[in-house]
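First comes the structure, then the notes that go with it.
The values are calculated or read from the model by the stated rules, or taken from the named source; none is laboratory data. Since the structure is predicted, the reported quantities are computational estimates derived from the model, not experimental observations. Every residue, glycine among them, receives a Cβ derived from its backbone with ideal geometry; neighbour counts consider all protein chains shown.
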Amino acid sequence: TQGIRPLIAGNWKMHGTVREAARLAEAVREGVEGVDLLVCPPFPHLHTVSVVLLGGRVAVGGQDCHAAGKGAHTGDVSAAMLRDVGATHVILGHSERRADHAENDAAVLAKTKAALAAGLIPIVCVGETEAERLGGLAESVVRGQLEGSVPYGFVTAGGIVAYEPVWAIGTGRTPTEDDIAAIHATMRAALVERFGPAARATRLLYGGSVKPSNAKPILALPEVDGALVGGASLVAEDFLAIARAA
Ligand code: PEP
């Protein structure tokens with residue numbers, strides 16, 4: 001989108017040792033001129049990656065956070081803890097969290113509010129399953145998820161939305177360019193309808209099997225302001241090549 005600086009975000013998921021994470025961070029540290037970069041390592045690697053990237057051009061984010069500020073929540077991590085180790089962003093409502101941890105829109109909404117309250121920029125993920133796409137429900141599913149998981153205050157705080165069709169994640173398959181453009185137009189319209197013209201500056205990322213060979217045409221689509229990258233973000237040259245395509 002005109003006037004929006006692209007963001008290429010890497011979701012490292014549950015991969016690698018802390019040493020490998022440090023090496024990967026080191027390899028992408030210089031970033032790419034004119035593009036914002038973000039990497040989201042697993043929790044145990046966050047602090048190390050943060051230190052490696054200190055003073056560099058790449059930001060650090062978490063892959064999830066709890067809705068509460070603190071308390072008896074074994075295994076969870078608060079938004080403030082992410083901030084404390086140098087994160088500026090957090091991915092929320094990823095389809096793997098929605099599936100593996102039964103996170104519904106209400107849960108994602110609560111986490112997003114917590115992230116905003118802690119001063120983190122949330123990246124809220126939405127996207128239809130293959131059955132929903134085949135049933136002609138993609139746009140309504142995405143609209144519903146946006147409505148249900150994006151709180152007031154999101155747009156003014158710089159909140160980011162990632163469209164990630166579930167069936168395109170880690171599969172090597174992507175929607176057609178027309179289909180991506182259509183969903184992104186729907187998301188833009190829904191956000192502007194709800195939050196007003198300020199939502200024209202909200203970054204809308206596409207995610208799902210983005211790699212160096214398909215990044216350029218996808219990133220050139222209207223209302224696509226960057227990408228959320230899984231698999232290809234684990235290879236420094238691929239991640240940087242995607243960023244150079246933005
Ligand atoms: C993701 O899960 O955020 C993702 C986009 O994965 P991949 O790029 O591997 O499809």
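Could you tell me which of the residues TYR163, TYR152 is free of Cβ contacts under 8 Å to residues at least 60 places away in the same chain and within 13 Å of the ligand (Cβ to nearest atom)?
Answer to the selection: TYR163.
Under 8 Å between Cβ atoms, at least 6 apart or on separate chains: pull out the pairs that start in segment 66-87 with a residue that is among the polar types (S, T, N, Q) and end on any residue that is buried (at least 17 other Cβ atoms within 10 Å of the Cβ).
The qualifying pairs are SER78/CYS65; SER78/HIS66; SER78/ALA114; SER78/ALA118.
Out of LEU146, LEU116, LEU120, report the one residue that is under 19 Å from ALA59 (Cβ atoms), at pLDDT 95 or above and in contact with a Lys or Arg (Cβ under 9 Å, 6 or more places away or on another chain).
Answer to the selection: LEU120.
For segment 189-214, what are the residues that are part of a helix (DSSP H, G or I) and touching a residue at least 40 places away in the same chain (Cβ under 8 Å)?
Passing the criteria: ALA190, LEU191, ARG194, PHE195, ALA198, ALA199, ARG200, ALA201, ASN214.
Kindly indicate which of GLY172, GLY226, GLY208 is surrounded by fewer than 21 Cβ atoms within 10 Å (Cβ to Cβ) and either within 15 Å of the ligand (Cβ to nearest atom) or not hydrophobic (A, V, I, L, M, F, W, C) (or both). Outline the logic, then answer.
On the way: GLY226 fails: surrounded by fewer than 21 Cβ atoms within 10 Å (Cβ to Cβ); GLY208 fails: surrounded by fewer than 21 Cβ atoms within 10 Å (Cβ to Cβ).
Answer to the check: GLY172.
Of all residues in segment 67-87, which are assigned to a loop (DSSP other than H, G, I, E, B) and surrounded by 16 or more Cβ atoms within 10 Å (Cβ to Cβ)? Quick ask: steps written out before the conclusion?
Initially, segment 67-87 is screened for residues assigned to a loop (DSSP other than H, G, I, E, B), giving 67-78, 85-87.
ALA67, VAL77, SER78, VAL85, GLY86, ALA87 - these are the residues of segment 67-87 that are assigned to a loop (DSSP other than H, G, I, E, B) and surrounded by 16 or more Cβ atoms within 10 Å (Cβ to Cβ).
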